[in-house]
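Handing you this structure, nothing more for now.
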Amino acid sequence: MKLRFSLALLMLVIMAALIPVAAMAEEKKDAAPAVTAPAAATPAADAAKPAAAVPTAAPTATPAAPATPPDVKPVLNTGDTAWMLVSSALVLLMIPGLALFYGGMVRQKNVLSTFMHSFVAMGIVGVQWAVLGYSLAFGGDVGHMGLIGDFSKVMLNGLVIMKDAATGTVDWALFQNYTKEPGAIPELVFAMYQCMFAIITVALISGAMAERVKFSAYCVFVLLWTTLVYDPLAHWVWMTDGWLFKKGALDFAGGTVVHLSSGISALAFLIFLGKRHGFPQERMAPHNLPLTLLGVGLLWFGWFGFNAGSAIVGVNTSDAAGGLAGLAFATTTIAPAAAGLSWMIAEWIHSGKPSALGFGSGVVAGLVVITPAAGFVQPGAALLMGLAAGLVCYGGIMLKAKFKYDDSLDAFGVHGVGGTFGAIITGVFATVGATGLLAGNAKQLMIQLIAVLAAGAYAFIVTLIISFVLDKTIGLRVDKEDEIMGLDQTQHSESGYNM
Amino acid sequence: MKLIEAIIKPFKLDEVKDALNDIGIEGITVSEVKGFGRQKGHTELYRGAEYVVDFIPKIKLEVAVSDDLVNKVVETIQGSAKTGRIGDGKIFVISLEEAVRIRTGETGNEAI
């Protein structure tokens, strides 16, 4: 009763705060440009075009000028390139961050195995991405269906252009996101930036498998899942030929591709994996929450690269390091701050104490929810989304107690629930470079729902098939005895702490 | 000779040690132990998963004394370890057959 009242109160506060935002959105409605999916481009095609006039669009230009300026040739922008190099490294740092985050939450006997789930993904996906993954996600579209890329960029083929093999003179393929403006970065940098996303996405799923999955099965899963689920989804949503991109689905930095897909897949994997031995009666408390909180800090830090770096795929600007990146940076600060507080307060009211793990989880929930919206919403909307994120994901982790499944570290509860929620409400709050429901565009919300359903269903079904096959061949779980001994000792012949 | 064994709250250890020093006790043995009595355990909550912690950390303190000091030591421990709240602990007095100082071979009261 007390809980229901408190939640009702919080909802009321949120609703009250919504009003000014709605008003703000109304004012902006007329000025907001319609979302057009700009064709961003294969560099080769652009290079072939003559350098057209630079669109410095003076307002006094001829009134009869065409609505769309001509495409322009890409020009390397060193400022953008510098920021994208840094962003890529920041996203990589999220992976040890995730390892700490998850590693602190398991029991002492499984700390190394949990760390390895994140670290080995750096190895497997790092190789997979260079060999095949980048091409499947961002290579030329197969059959113009917007479903998957071809093999044209296998081994990152064509990103370094040999001009003269005898002298070793090379040129760099450029990635130009917005063809109406010249700003571009080396495609190699773009490819590596995307590589980090592929790594962390599959590592997120490991949170559901912790403390019982067989390491060999996990390694094969990482390879198969990245190839069969992540690469196509990235193509659908981020590649300009992708069918969801063409539909106008908004996903600034990966709410659908990264969080929703990994969270839903975690749930699918659990169907064949099952609960940990002794769950939920046995004590399975986190063994080292300071590690977890350090992980939260590193995740947040790295997330600035994840979100603010994603201005590179912004729909109508070529600046990777400009105002849009600044907006994404701001929303990535505000939303998790608000979400940490709202989770903490919800827990305080609901169960009596504001826990450190609760605050940290809230921060991650806020980061997840703001990810698809980071560059599409105003700071005020980010604040509301953050507050809602903490409450929704707090509800998300309560689901497992209700339905008795063992999502050990809440990969579904936080990333699945938060990713879905974030992707949908991006269609409500979007006002920057796109319009959502509050700006009077109900159609956007429909598109978001379609994207969520399509990506969620695809990820769920394919993961189900992968885990079924692995279960029947390698076997997903370790033996009961090994599970009780701990995965560190039985899978890796090590122990985390020899003190 | 008696062996006095006291189970006390961990944060009271320094006070008890100082009080025993003041009455001339020259050696004590301390160990970290866990257990439960009337105080019972407590619950911990991690993301909605509730665990009851049955055993609470306590300090076990052992002092060997000659018979004439027993009452004084028991009173001192009882006075300095007391908070008045549940969970303050217990003191046990056990008969001690023999004591030997390893370095010199002294026995009995000489050895403690």
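Quick note: the coordinates plus some simple rules give every number you see, no bench work behind them. As the structure is a computational prediction, the values presented were derived from the model and not from experiment. Here the Cβ is made from the backbone with ideal geometry for all residues, glycine too, and neighbour counts use every protein chain on show.
For segment B:2-111, take every pair of Cα atoms, bin their distances at 10 Å starting from 0, and report each bin as a whole percent.
13, 39, 28, 13, 6, 2
Through the Karplus equation 6.51 cos²θ - 1.76 cosθ + 1.60, θ set to phi - 60°, convert the phi angles of segment A:126-140 into ³J(HN,Hα) values in whole Hz; use x for Gly and Pro.
Values per residue, Gly and Pro as x: x, 6, 4, 5, 5, 6, 9, x, 4, 5, 5, 7, 10, x, x Hz.
Give the share of C-alpha pairs in each 10 angstrom bin for segment A:146-261, from 0 to the last occupied bin, in whole percents, shortest bins first.
With 10 Å bins starting at 0, P(r) equals 12, 35, 32, 16, 5, 0.
Something else: State which stretch of chain A is the longest one without any exposed GluC sites (Glu not before Pro), exposure meaning a DSSP loop state and at most 15 other Cβ atoms within 10 Å. Each step should come with its number before you reach the end.
Numbers: sites that count: A:Glu282, A:Glu494.
It works out to A:1-281.
At 4 °C and a viscosity of 1.567 mPa s, what translational diffusion coefficient does Stokes-Einstein give for segment A:301-387, taking Rh as the Kirkwood radius over Cα pairs? Give it in µm²/s as a whole number.
It diffuses with D of about 100 µm²/s by this estimate.
At 222 nm, what helix-only mean residue ellipticity would chain A give, in deg cm²/dmol to the nearest 500, using -39500 (n - 2.57) for each DSSP H run of four or more?
On the way: 18 runs with 289 residues, N = 499.
Only helices count here, giving -19000 deg cm²/dmol.
Tell me the Kirkwood radius of the protein assembly as shown: reciprocal of the mean inverse pair distance over distinct alpha-carbon atoms, in Å. Mind dumping the intermediate values first?
Details: mean 1/r = 0.0368 Å⁻¹.
Final number for the Kirkwood radius of the protein assembly as shown is 27.2 Å.
In segment A:335-423, which trypsin sites (Lys or Arg not before Pro) are in a loop and have at most 11 other Cβ atoms within 10 Å, using DSSP for the loop call?
On the way: sites: A:Lys400, A:Lys402, A:Lys404; in loops: A:Lys404.
Those that pass, being in a loop and sparsely packed, are A:Lys404.
Considering all alpha-carbon pairs of segment B:10-59, what whole percent are spaced by more than 17 angstrom?
The share of Cα pairs beyond 17 Å in segment B:10-59 comes to 54 percent.
Could you pull out the longest piece of chain B with no exposed loop trypsin sites (Lys or Arg not before Pro) in it, calling a site exposed if DSSP puts it outside H, G, I, E, B and it has at most 13 other Cβ atoms within 10 Å? List each step's numbers first, then the result.
On the way: sites that count: B:Arg38, B:Lys40, B:Arg85, B:Arg101, B:Arg103.
Result for the longest clean stretch: B:41-84.
Next up: Determine the relative contact order of segment B:2-111: mean sequence separation of Cα pairs under 8 Å and six or more apart, normalised by residue count, in whole percent. Intermediate results must be reported in sequence, preceding the final value.
Details: 166 pairs, mean separation 45.1, N = 110.
Relative contact order here is 41 percent.
Compute from the Cα atoms of segment A:362-499 the Rg and the Dmax, the latter being the longest Cα-Cα distance, and quote both in angstrom.
Reported Rg and Dmax, both Å: 19.6, 61.
Right, another one. What number, rounded to the nearest 500 deg cm²/dmol, is the helix-based mean residue ellipticity at 222 nm of chain B, given -39500 (n - 2.57) per DSSP H run of at least four residues and division by all its residues?
On the way: 2 runs with 22 residues, N = 112.
So the helix-based figure for chain B works out to -6000 deg cm²/dmol.
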